[in-house]
Amino acid sequence: MPSIAMRRGTAAALSIAAALALGACGGGGDDTPEPEETRAQDARQFTVDPARLPFAAVEGAPETDRWWGVLDGAGYRVEVPKNWNGMLVMYAHGYGGTGAAVSVSDAPIRAHLIAKGYAWAASSFSKNYYDVRAGIEDTNALALAFQRIGAQNGRTLAAPAKTYIIGTSMGGHIAAAAVDAEAIATANHKVRYAGAVPMCGVLGDTELYNYFGASQIAAQQLVGVPVTSWPVANWAALAPQVRNALFTTFPSATTPLGDQYKEIVKQLTGGERPMFNEGFAGGMNATVWGTFGRDGTINGILNKDGYDTTGVVYQFDNDPAQTGAEAAFNQAAYRLRADPEANRLRRDGLRWFPKTNARIDVPVVTIHTLGDVYVPFSMEQIYKRRAMALGTDKWLVQRAIRGVSHCDFTVDEQTAAFDAMTNWEQNGVKPAGDEVLDRATVANPAYGCKFSSPSRTPNSCPAS
């Protein structure tokens, strides 16, 4: 990597570290930092079932060593080809729910990785819920233990020449945050990844939850039962009334009022684009509605409300100019304001909800489905704007995929993104990507065709 970029990333990391050091000082002679507050997530207990850790070889693949075990409360899997190329890929899985049992997922491009000589490793993470902090720390800890695990199993391994990180959904958030200067400075387990591939990732971090809140506020306001306080204590009683006013069949068929709600959601999630209608009519819309009625602590990840809709602009069409009706709707909309203490920098490590600031100085290649309304395409747009504001967009390539659901990728779409990132990092060949901010480009019926698999049906591209 060019030295100027490395200096920029290092300077950013040092400035964050300095701010944390100053914040930890109490002004006296005692250098012991003040203990952090606790939250609901800290009291939850999770378990690993060792019987579920073993995994079989890929049929017809090159011979590998496969190891599994438990590291600091997190289950893991590690696979190293006999003809290892000296490089390691860490895989971060998606949201694991709220159960007590944590589990490991294989890298979705596992066969591709071992065929090309890469070792890979994946952690269950030591905690469930939307705990990106635990995901980063446990993934980093496993990367740092790679040689030790090999030695424990009778194989001497050199330190990886390069370590990459890939992830899906929450794991995409983990991958993007792990290469960000803030996480590099504040993580307890420090790893400098050479590149990242966040897939269907929560690249807007808390902006995802702002979208959930905004969607509920818009739905209630359209139906005439506007939000007047937060959380909405009587949401369970209101939900049937709101849903029935907007849908004839939920979520697949809308009423005329629901058509207006659909357009608002379209604009909140990335604007006019292919695959949105199919995605809105699918199960991921119901998943979004499943978040309605909650407070802003993200199920105990935060102690205080982290939702904020002060910057949300509700629109009824793809024209950014505000009509009188849109202005009136925005003026009337209830506004959520995050508590500034909810997700502040922490004295004992990463934020509770790590940020994807786009403070990057290594290649990052992302892929995102256009029809996803759960972790929507707008996440890519938010991340791109952050990178442009910092001048780091030269390290970012984004690709739109014509999938309808969340993380609805083919294997070849994922392997193409990984190969593009590694070729860029290893050979200096920056790959092609998609424009994500230009409204006309994104609205084109053929948008997303360039990097979507030709095998996609019925999401194929229009006939030329």
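Between the helical axis of 3-24 and the dominant principal axis of the chain, each derived from Cα atoms, what acute angle in degrees is found, rounded to the nearest 10?
Around 80 degrees separate the two axes.
Just list whichever of LYS116/LYS266; LYS190/LYS266; LYS82/LYS190; LYS394/LYS450 have alpha carbons separated by over 31 Å in the model shown.
LYS116/LYS266; LYS190/LYS266
Which angle from 0 to 90°, rounded to the nearest 10, does the C-alpha axis of helix 132-144 make with the longest principal axis of the chain?
20 degrees
Loop-only check: which trypsin sites (Lys or Arg not before Pro) in segment 342-423 are DSSP coil with at most 15 other Cβ within 10 angstrom?
Counting only loop positions with at most 15 other Cβ atoms within 10 Å, the trypsin sites (Lys or Arg not before Pro) in segment 342-423 are ARG344, ARG347.
Starting from the amide H of ARG346, placed 1.01 Å from N in the peptide plane, find each other amide H under 5 Å away whose residue is 5 or more places distant or on another chain.
Sorted by chain and number, the residues that satisfy this are ARG351.
Check each of the trypsin sites (Lys or Arg not before Pro) in segment 80-127 and keep only those in coil by DSSP with at most 13 other C-beta atoms within 10 angstrom; list them in order.
Here the sparse-neighbourhood loop sites are LYS82.
Helix-derived [θ] at 222 nm for the chain: sum -39500 (n - 2.57) over DSSP H runs of at least 4, divide by residue count, nearest 500?
Counting only the DSSP helices, I get -10500 deg cm²/dmol.
Show me 301-308, 226-233 ranked by packing, highest mean number of other Cβ atoms within 10 Å first.
301-308, 226-233
How big is the antiparallel share of DSSP beta bridges in the chain, given as a percent to the nearest 5?
Looking only at bridges with both residues in the chain, the antiparallel portion is about 40 percent.
Any read-out appearing in this document is the output of simple, stated calculations on the displayed coordinates, not a laboratory observation. Everything quoted here is computed from the prediction, not taken from an experiment. Here Cβ is always computed from backbone atoms with ideal geometry, including for glycine, and neighbour counts include all displayed protein chains.
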